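**Q** Please find one structure pasted underneath; my questions will follow.
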Amino acid sequence: MILIVGGGPAGSLSAIALKNYDVTVVEEHSSAGFPVQCAGLISERCYRELKKFSDCKVNDIRGAVFFSPNNSVELEGKVGAVVVERKLLDRDLLAKASEYANVMIKTKFLGVEKGKAVLRSMGKKIELDYDYIIGADGVYSTVSNVFNFKKPEVYSALQITCRFECISDDLVEIYFGFSDYFCYAIPFDEFAKIGVISSQNPMPVMRRLLRWLGKRVKGSVLELNAGAIPIGLVDFVKDRVMLIGDSAGMVKPYTGGGLYYILKAVEKLKHFPNLKKVQKEYVKDLRIEYKVGTKIAKLYRTLEPEDYDYLIGVAREHGDLARELDMDRPSTLLKLIPLILKIVKRRKILMKLSSLL
Ligand SMILES: Cc1cc2nc3c(=O)[nH]c(=O)nc-3n(C[C@H](O)[C@H](O)[C@H](O)COP(=O)(O)OP(=O)(O)OC[C@H]3O[C@@H](n4cnc5c(N)ncnc54)[C@H](O)[C@@H]3O)c2cc1C
């Protein structure tokens, strides 16, 4: 029996991919998708895959407006994007998984004793025989702790939902120069999800951002979520145990988006039960993307607000270059680097950008 710990997207999609096996999914909450810790922004390509299981689209997104404290530019990339309703997506995925697997809600994985998985289900302690464990239990994974996996670095995220005067409901807004990562506003029906991501306490950043956004933020905060974003892939296979999703750091290091990388990992489950091969194929597919993505995340830490003001000014003059960029594949930036290095005139910024090479 394969025990999947966690009924979020990584757990449910794994259960669907392993439908020809005897699978049990345990989810500690009474439903999936709660609390929602996601802005729901994914590429069209990612949505096409997820749409097979859930019609969870809220908005189509054609581009982004990038802001620095004193500048802005609207850009459109190579692929479109979609905002999805994560609560609905997670619920539909778990429902689909339950067609193939035994799903136990309100059941928490506690650890392993004498070769059996120990669970607490509806208040009762139970033991379960298993052949494999898949830890899809999120950023603070118990499976990772129990089996002594390495942990990814963790950034903090804070997200509010409120009424917001969006520039357009098909444009996301990305704010640079407020934290050592970035902040965002994602249109969501007549609301927006406004979020900050930082390696430090995100609360002061959120206050600063909201002050800067001023009257565009309307009314009160309707929902507030604190979350965490794992940055950096870890070695995710040990013997008969595998991590997938946030537990393994399967997140784009430069955006914090996890759904695309989960789909990529689930695709590799076709090699199950050869877990080493699953890992090898995943790494082969995404090695360059992690490498470039991690460098971009490092760059966020070194650029100052005035550097962003300058770079966004440069992007205003050369916005067409963005058409070459794929939001899921940061390696698409590489072929633009020589050109960018020619366009950027400030030596200090050039030195920082050249770290991408
Ligand atoms: C603020 C924020 C915004 C984000 N925005 C985006 C975005 O716009 N686009 C995008 O692609 N990604 C986004 N992400 C990332 C994305 O939400 C995650 O990558 C994704 O949810 C990871 O899925 P998962 O299944 O690995 O983990 P989770 O979604 O965390 O699911 C883990 C599940 O395991 C369960 N669980 C945990 N421990 C146990 C246990 N011991 N026993 C049983 N069950 C357990 C939990 O209850 C949960 O249901 C965002 C993240 C944050 C924090």
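The values are calculated or read from the model by the stated rules, or taken from the named source; none is laboratory data. Treat the numbers as computed from the prediction; the structure is a model and nothing was measured. Quick reminder, even Gly has a Cβ in these numbers, built from the backbone with ideal geometry, and neighbours come from all protein chains shown. Accessible surface is based on the protein model in full, side chains and every heavy atom, while ligands, DNA and RNA are left aside. Shrake-Rupley method; radii C 1.70, N 1.55, O 1.52, S 1.80 Å.
**Q** Roughly what angle does helix 259-268 make with the longest principal axis of the chain, taking Cα atoms, 0 to 90 degrees, to the nearest 10?
**A** Tilt of helix 259-268: around 50 degrees.
**Q** Suppose each label sits 7 Å from its Cα in the direction of the beta carbon; what would the LYS284-ASP189 distance come out to in nanometres?
**A** Going by the 7 Å Cα→Cβ label model, 4.5 nm.
**Q** Moving to a separate point now. Springs between alpha-carbon pairs under 10 angstrom, Gaussian network model over the chain: which of GLY245, GLY214, GLY258 fluctuates most?
**A** Sorting by GNM fluctuation, first place goes to GLY214.
**Q** Another one. Please report the accessible area of ARG120 (heavy atoms, 1.4 Å probe, ligands and nucleic acids excluded) in Å², nearest 10.
**A** Its heavy atoms expose roughly 110 Å² to the probe.
**Q** Let me ask something else about it. Any idea how far the Cα center of the stretch 158-180 sits from the one of the stretch 295-357, in Å?
**A** Measuring centre to centre over Cα atoms gives 21 Å.
**Q** Can you pull the Kirkwood radius for the stretch 153-230, inverse mean 1/r over Cα pairs, to one decimal in Å?
**A** With all distinct Cα pairs of the stretch 153-230 included, I get 12.5 Å.
**Q** Which entries of LYS96/LYS284; LYS238/LYS268; LYS52/LYS96 show an alpha-carbon separation above 22 angstrom in the structure shown?
**A** Violating the 22 Å limit, Cα to Cα: LYS96/LYS284.
**Q** Projected area of the chain, taken from the Cα convex hull and averaged over every viewing direction, in nm²?
**A** Convex hull of Cα atoms, orientation-averaged projection: 17.3 nm².
**Q** Right, next: Between the helical axis of 202-213 and the dominant principal axis of the chain, each derived from Cα atoms, what acute angle in degrees is found, rounded to the nearest 10?
**A** The two axes meet at around 40 degrees.
**Q** Further question on the same structure: Starting from the Cα of LYS218, move 7 Å in the Cα-to-Cβ direction to define the label point; list residues of the stretch 154-174 whose amide nitrogen is under 18 Å from there.
**A** 160-173
**Q** Sticking with this one: First check a/c for the stretch 199-357, with a ≥ b ≥ c the square roots of the eigenvalues of its C-alpha gyration tensor; if it is under 1.5, answer rounded, and if not, answer prolate when a/b is larger than b/c or oblate otherwise.
**A** Since a/c reaches 1.5 but b/c is at least a/b, the shape of the stretch 199-357 is classed as oblate.
**Q** Another question, then. Output the 0 to 90 degree angle, nearest 10, between the alpha-carbon long axis of helix 86-100 and the longest principal axis computed from the alpha carbons of the chain.
**A** In the chain, helix 86-100 runs at an angle near 30 degrees to the longest axis.
**Q** Take every Cα pair under 8 Å in the stretch 296-356 that's 6+ residues apart, average their separations, divide by the length, and report that relative contact order as a whole percent.
**A** Relative CO of the stretch 296-356 lands at 44 percent.
**Q** Let me ask another. Testing the spin-label approximation: label points 7 Å from Cα along Cα→Cβ at LYS276 and HIS29. State their distance in nm.
**A** Result for the modelled spin labels: 3.7 nm.
**Q** If contacts are Cα pairs under 8 angstrom and at least 6 residues apart, what is the relative contact order of the stretch 153-230 in percent?
**A** 46 percent
**Q** Given a 10 angstrom Cα cut-off, can you work out which residue in ARG240, ARG211, ARG301 is the most mobile in a GNM of the chain?
**A** Maximum among the listed residues: ARG211.
**Q** Separate question: Per residue, how much accessible area does the chain show when a 1.4 Å probe rolls over the protein heavy atoms, in square angstrom?
**A** Roughly 46 Å² per residue, with all protein chains present.
**Q** Here's a follow-up. Take the solvent-accessible surface of the protein heavy atoms, probe 1.4 Å, and return the percent of it on the stretch 153-230 that carbon and sulfur atoms account for.
**A** That share works out to 52 percent.
**Q** Let me ask you something else. Taking each pair of distinct Cα atoms in the stretch 296-356 once, what is the resulting Kirkwood hydrodynamic radius in Å?
**A** 12.2 Å
**Q** Any chance you could run the full-extension gain for GLU113 through MET203? It's 0.36 nm times the residue separation minus the Cα-Cα distance, nm to one decimal.
**A** 28.4 nm
**Q** In addition: Using a 1.4 angstrom probe on the protein heavy atoms only, could you order SER31, SER54 from most to least accessible area?
**A** My answer, sorted largest first, is SER31, SER54.
**Q** Now, a different point. Along the stretch 101-118, what does the Karplus equation 6.51 cos²θ - 1.76 cosθ + 1.60 (θ = phi - 60°) give for ³J(HN,Hα), rounded to whole Hz, x for Gly and Pro?
**A** These are the phi-based 3J(HN,Hα) values: 10, 7, 9, 10, 7, 6, 10, 10, 7, 9, x, 10, 10, 6, x, 10, 6, 9 Hz.
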